[in-house]
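Colleague: Starting off with a structure, shown below.
The values are calculated or read from the model by the stated rules, or taken from the named source; none is laboratory data. Everything quoted here is computed from the prediction, not taken from an experiment. Cβ placement follows ideal geometry from the backbone for every residue including glycine, while neighbour counts extend to all protein chains displayed.
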Amino acid sequence: MSTISEKEFKKLCDQIYADRLQIYDFVPSLSRRDALMWMLLGCLVSLLSVALPEQSGLDGGSTADPYGDAVCEILKDRTAPFFDPRPHLRELAARTEDA
């Protein structure tokens, strides 16, 4: 797969949220929100076949939201049709805080 639709992305976010307890256990060193964003990033790298050289630029640097920023970077030029992933990321984060 080289692109993802908004519907597919939303479904992926929903599936990650459904598996949140297992994800939290898998990476207990991260906050709950970061753990889900980390998993989402990993899934996108795999699903979209992101080449290793492209992944090296996803370190996030010193941003306040390294995983969310990396997800947005991965999706740049890989959405069809184009959509903004940030509302879905905010929704996922909000659901995480409510849980």
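Colleague: Which condition number in (1) touching a helix residue (DSSP H, G or I) at 6+ places or on another chain (Cβ under 9 Å); (2) among the hydroxyl-bearing types (Ser, Thr, Tyr); (3) surrounded by fewer than 15 Cβ atoms within 10 Å (Cβ to Cβ) is the one that Thr96 fails?
Modeller: In the conditions (1) touching a helix residue (DSSP H, G or I) at 6+ places or on another chain (Cβ under 9 Å); (2) among the hydroxyl-bearing types (Ser, Thr, Tyr); (3) surrounded by fewer than 15 Cβ atoms within 10 Å (Cβ to Cβ), Thr96 misses (3) alone.
Colleague: Considering every residue within the range 14-32, establish whether at least one is surrounded by 12 or more Cβ atoms within 10 Å (Cβ to Cβ), of a type in the set (S, T, N, Q) and touching a residue at least 12 places away in the same chain (Cβ under 8 Å).
Modeller: Within the range 14-32, none of the residues are surrounded by 12 or more Cβ atoms within 10 Å (Cβ to Cβ), of a type in the set (S, T, N, Q) and touching a residue at least 12 places away in the same chain (Cβ under 8 Å).
Colleague: Within the bounds of the range 57-66, is there any residue that is closer than 15 Å to Ala93 by Cβ, buried (at least 17 other Cβ atoms within 10 Å of the Cβ) and among the charged types (D, E, K, R)?
Modeller: So far as the range 57-66 goes, no, none of its residues is closer than 15 Å to Ala93 by Cβ, buried (at least 17 other Cβ atoms within 10 Å of the Cβ) and among the charged types (D, E, K, R).
Colleague: What residue, among those in the range 73-99 that are of a type in the set (D, E, K, R) and at pLDDT 95 or above, is farthest from Arg32 (Cα to Cα)?
Modeller: Applying the filter and picking the extreme gives Arg78.
Colleague: Could you list, ordered by first residue, the pairs with Cβ atoms under 6 Å in which the first is in the range 2-13 and touching a residue at least 24 places away in the same chain (Cβ under 8 Å) and the second is of a type in the set (Lys, Arg), at least 6 apart or interchain?
Modeller: Short answer, once both residue conditions are applied: Thr3/Arg78.
Colleague: What are the residue pairs meeting all of these: first residue in the range 50-72, first residue modelled with pLDDT under 85 and part of a helix (DSSP H, G or I), second residue surrounded by 14 or more Cβ atoms within 10 Å (Cβ to Cβ) and small (Gly, Ala, Ser), Cβ atoms under 7 Å, and 6 or more apart or on different chains?
Modeller: Here the result reads Leu58/Ala70, each pair linking the range 50-72 to a residue that is surrounded by 14 or more Cβ atoms within 10 Å (Cβ to Cβ) and small (Gly, Ala, Ser).
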